[in-house]
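The values are calculated or read from the model by the stated rules, or taken from the named source; none is laboratory data. Bear in mind the structure is a predicted one, so any value in this text is a computation, not a measurement. All Cβ positions, glycine included, derive from the backbone under ideal geometry; neighbour counts span all protein chains shown.
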Amino acid sequence: MKKIRIAVFASGTGTNFQTISNNIDKGEITAEIGVVISNNKDSGALKFASEKGFRTEHISKKQFSGFDEMSGRILEILEKESIDLIVLAGYMKLLHSKIVKHFENRIMNIHPALLPSFGGKGFYGERVHKAVLETGAKVTGVTVHFVNEVYDQGPIILQECVPVMDDDDHHSLASRVLKVEHSLFSKAIHLFQRGFLSVDGRKVSIKKVD
Ligand code: GRF
């Protein structure tokens, strides 16, 4: 079975990334991490990646003359590492459209709510969970989707519901959602690696599930 090469982009703690890496180690995903890229040199994600001996790249706009040049450098790294799939695991920056085009239907993002609700510009981190609580919704969830050029609107791969409890605050809700993120992201990557995902417009069909 073909081992896919993954590039992970992460800005923060990186618990999603760590879970994916652990699941690769356990043999649950047939893949290898080619590079871990972060805009944040102090991120937990980069720290974990260096401890594991992965290639790490701290790439931030300040190091370049502009977004185009920075994105050119990112693309160069991805090509050099023969990356099959980009995984956005809590990456807080936009990807340039030339990267999105180059990796069409090969970039996955995880969103801590059920898209298309509570998504789009401004909906990130705790803001998502606060917005869910403000509406009084009884259910939220997790979405894994392919990335296209419109923020949070790419084809949806998998979704799972998470209940909202009466006594939740955004911390308790975020931690219940995060647990589901960890399992759902690996499932989606596994499906991709097996070649089970096919995309038609905004729809993703899952050909077969183990
Ligand atoms: C997750 O909630 C993810 O949905 C969002 O950013 C958070 C990243 O968490 N995009 P972690 O860094 O993987 O722990």
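Do the conditions hold for Ala31, that is, is it within 12 Å of the ligand (Cβ to nearest atom) and within 20 Å of Ser183 (Cα to Cα)? When the stated conditions are applied, Ala31 does not pass them. Residues that are aromatic (Phe, Trp, Tyr) and in a loop (DSSP other than H, G, I, E, B) are absent from the stretch 136-150 altogether. Going residue by residue through the stretch 22-33, is there one that turns out to be without any contact (Cβ under 8 Å) to a residue 40 or more places away in the chain and either among the β-branched types (Val, Ile, Thr) or crowded, with 23+ Cβ neighbours inside 10 Å (or both)? Yes: one or more hits. Within the stretch 174-202, the set of residues being hydrophobic (A, V, I, L, M, F, W, C) and within 11 Å of the ligand (Cβ to nearest atom) comprises Ala174, Val177, Leu178, Val180, Leu184, Phe185.
Here Met1 meets the list (1) modelled with pLDDT under 95; (2) closer than 23 Å to His182 by Cα almost entirely, failing just condition (2). The set of residues from the stretch 37-87 being over 15 Å from Gln18 (Cβ atoms) and of a type in the set (A, V, I, L, M, F, W, C) comprises Ile37, Ile59, Phe64, Phe67, Met70, Ile74, Leu75, Ile77, Leu78, Ile83, Leu85, Ile86.
Taking the stated definitions as given, is Leu158 outside any helix (DSSP H, G or I), among the hydrophobic types (A, V, I, L, M, F, W, C) and either under 24 Å from Lys208 (Cβ atoms) or in contact with a Ser or Thr (Cβ under 6 Å, 6 or more places away or on another chain) (or both)? Spelling it out, Leu158 is indeed outside any helix (DSSP H, G or I), among the hydrophobic types (A, V, I, L, M, F, W, C) and either under 24 Å from Lys208 (Cβ atoms) or in contact with a Ser or Thr (Cβ under 6 Å, 6 or more places away or on another chain) (or both). In the stretch 141-159, the residues that are within 17 Å of Ser198 (Cα to Cα) reach residues that are basic (Lys, Arg) with C-beta atoms within less than 7 angstrom, at least six apart or across chains, in these pairs: Pro155/Arg202; Pro155/Lys203; Leu158/Lys187.
If you take the residues in the stretch 110-120 that are of a type outside the set (A, V, I, L, M, F, W, C), part of a loop (DSSP other than H, G, I, E, B) and within 14 Å of the ligand (Cβ to nearest atom), which one is surrounded by the fewest Cβ atoms within 10 Å (Cβ to Cβ)?
First, pick out the residues of the stretch 110-120 that are of a type outside the set (A, V, I, L, M, F, W, C): 111-112, 116-117, 119-120.
Now drop any that are not part of a loop (DSSP other than H, G, I, E, B), which leaves 112, 116-117, 119-120.
Still in the list and also within 14 Å of the ligand (Cβ to nearest atom): 112, 119-120.
On the way: Pro112: 25, Gly119: 19, Gly120: 14.
Selected residue: Gly120.
Residues in the stretch 34-90 that are of a type in the set (A, V, I, L, M), more than 16 Å from Thr15 (Cα to Cα) and in contact with a helix residue (DSSP H, G or I) (Cβ under 9 Å, 6 or more places away or on another chain): Val35, Ile59, Met70, Ile74, Leu75, Leu78, Ile83, Leu85, Ile86.
For the stretch 46-69, the criterion of a residue being within 16 Å of the ligand (Cβ to nearest atom) and part of a loop (DSSP other than H, G, I, E, B) is satisfied by at least one position. Going by the structure shown, is Val132 more than 13 Å from the ligand (Cβ to nearest atom), over 18 Å from Asn16 (Cβ atoms) and either in contact with a His (Cβ under 8 Å, 6 or more places away or on another chain) or of a type in the set (Val, Ile, Thr) (or both)? No: the conditions fail for Val132. Of the listed requirements (1) free of Cβ contacts under 8 Å to residues at least 24 places away in the same chain; (2) over 18 Å from the mean Cα position of the chain (by Cα), Gly201 misses just one: (1).
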